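Take a look at the structure below.
The values are calculated or read from the model by the stated rules, or taken from the named source; none is laboratory data. Bear in mind that the values here come from a model prediction, so they are computed numbers and not experimental data. Heads up, the Cβs are rebuilt from the backbone with ideal geometry, glycines too, and the neighbour counts pull from every protein chain shown. Keep in mind that these areas ignore ligands, DNA and RNA; they rest on the heavy atoms of the full protein, side chains included. Shrake-Rupley method; radii C 1.70, N 1.55, O 1.52, S 1.80 Å.
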Amino acid sequence: MRARSALASAAVLLLLLLLLLADGGACAMYKVGDLDAWGVPPPSKPDVYKRWAKGIHFALGDSIWFLYPPSQDSVLQVTPEAFAACDLASPVLKLADGNSVFNLTTPGRAYYTSGAPGHCRKGQKLWVDVPMANGTYLQPSASDLAAQAPTPAAEAPEGSLSASAPAGAHPSAAAALRAVSGAGSVVAAAALSVALPLLL
């Protein structure tokens, strides 16, 4: 009986820890473009990446997932200067497996573009703002502001996006629980699936 009680106490502590993490540390994975694969925005959806990000409030530790045909494309993480100029020569990181995941582990602005020649200038690029652990956003640097200027040989920086700061300072307990059970929170959901039966 003592062992069961200790196990139940440990499960409650684990659940509380997970709820605390959900308030600022539970991670989610977001597929870039939702149903659309990573590619040059079609004429019917030139703002596909901007629309995609409108409802997303990224958090430190989240991941973004790019899905694309590996024989036709890749995704590069680039500097603000390379983003503004569509310069693909010296990426920070290049992934070309068709199923690329970038972890958002540093607060600030992160920039991504297609590695296929000409695609960046056609709007296949995006940027995301990643808040600090407390949910506040860093002020954009001069390089960040310059990166928002229109893309060379393009009418507008289509495909660029920004996640706006959440309206409230911290999510409620219910929102925290939804964050833990979100589609991208695989580890947290697995931990909950282990902890909950122990409580019952």
ask   = At a 1.4 Å probe radius, carbon and sulfur cover how many percent of the accessible area of segment 37-148?
value = 57 percent
remark   = Taking a probe of 1.4 Å and leaving out DNA, RNA and ligands, segment 22-70 shows per residue an accessible area in Å² of 47 Å²
request  = Pop a pseudo-label 7 angstrom from the Cα along the beta-carbon direction at both D47 and Q72 and give the gap in nm to one decimal.
outcome  = 2.6 nm
